Amino acid sequence: MTPKQFLDNLKKEEPLPIYLFLGSELFFRDRCRSALANVVLGQSDAETGNYKDLTEIDLRDQNLTTLIDEARTMSLFASARLLIGSCSEALIPRRTSTKAVESFEVLHDYAKAPTPGTVLLFEAIGVDFDNRDDKSKIDRLAKLFGDTCAIVEMKRLSAEQMMYESTELAKQLDLEIAPSLLDGLIDMLGGDMGLLANELEKLSLYVGSDRPVKADDLDLLIPAARRRGVFEFSDALAHGDRVRALYILDTLAEMGVSWSMQVNLIAGLFRQALAMKEEGARTAQQVLNVSKKNSIRMWPPRARQLIEVGRHFSPKQLERALMKLGQADRDLRRERPNDRVIMEQLVVSL
């Protein structure tokens, strides 16, 4: 079940007795959790934002039996309760054992006769559907919980979904932001919808509804947006535009950036560009396809950058550039009279 299906079902039907939120996408996890709490417990306290009769148990510290015992305990003062078992991925046994199987029998027995008015919510946000190493954990959790509950898959959003959801959120906040800026912001924040929602709220408070968001607003309010300078710097290098590269170097110096970090970011861009050339990717879409095949998260703006770098540098030139970047990184870590001189020498050599 997707988060949207879960929210739609809550509007039409009574909540089920047991749910499992599976996955690391926190934006919709928070929305779904809030919606479930509102349906089961009513609106939260206006002053504190807390819900009455909500109990959360960390399953890293407590076992499953403790949570089930709490669920079976009838409350004298509340007709409805919501119990949350956080960090449910901790329930995965390190190795298959009879004891581990028996512990889940407690849940299976409870599912046959759940306590009226009580909803159990298990959250396993420590597993990521995009991480190949987590696939076995996800499969084991789904198997262990079996048919005892409804599973809501909290998967990370695609680039298209991110753009749609962030555009809708900007409209709700009465925030005017150009699609190009929004697209770039999504890339800067690594496709994290929770972070993006937080930054859009900050922008709405700062900019208001009187004018559109400008690039300078991003630089001022969002630390991650300051990385934009290094991408512009890389573009100038890719085009062989020494004058523009030195001008951007001045801007970065005024911002007080870490030169070593900038060199590492550029090296990462060039390494990815070289890898994509070796894979034979010639368009941004091919870059996205190769990244998806190798379980690498890639956003359209980054894919376009890699193609642009690849157009202006041959594989041998990219290898040479990586050697120069490595030397610059080494020199920046030594005792030196002036970091700026090292960076200017890097621009000339590239």
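Please treat every number below as a calculation from the coordinates, not as lab data. What you see is a predicted model, and the numbers here were worked out from it, not measured in a lab. Because the Cβ atoms are built from the backbone with ideal geometry, glycine has one as well, and the counts that use them run over all protein chains shown.
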Net charge around Q5, counting only other residues with Cβ within less than 12 Å of its Cβ (Lys, Arg = +1; Asp, Glu = -1)? 0
Leaving out same-chain residues fewer than 8 places away, which lysines sit with a Cα under 20 Å from that of K171? K4, K202, K214
Between T2 and S314, with labels modelled 7 Å along Cα→Cβ, what's the label distance in nm to one decimal, could you check? 4.7
Could you calculate the contour length gain from S349 to K11, that is, 0.36 nm times the residue separation minus the distance between their Cα atoms, to one decimal place in nm? 115.5 nm
Any idea how far apart R72 and D210 come out in nm if each label point goes 7 Å out from Cα toward Cβ? 6.3
5 angstrom amide H check on I18, placed H, neighbours 5+ away: L120, A150
Using the charge dipole of the stretch 159-221 (Lys, Arg: +1 at Cβ; Asp, Glu: -1 at Cβ; taken about the Cα centre), state which of G208, L173, L196 has its Cα farthest towards the positive end. G208
On full extension of the chain, what length is gained from Q327 through F129, given 0.36 nm per residue of separation minus the C-alpha to C-alpha distance? 67.5 nm
Length gained if D61 through R340 is fully extended, taking 0.36 nm per residue and subtracting the Cα-Cα distance, is 95.3 nm
Mind listing P(r) for the stretch 159-221? All alpha-carbon pairs, 5 Å bins, whole percents. 4, 19, 37, 29, 11, 2
Within 15 Å, Cβ to Cβ, of E319, how many net charges do the neighbouring residues add up to if Lys/Arg are +1 and Asp/Glu are -1? +4
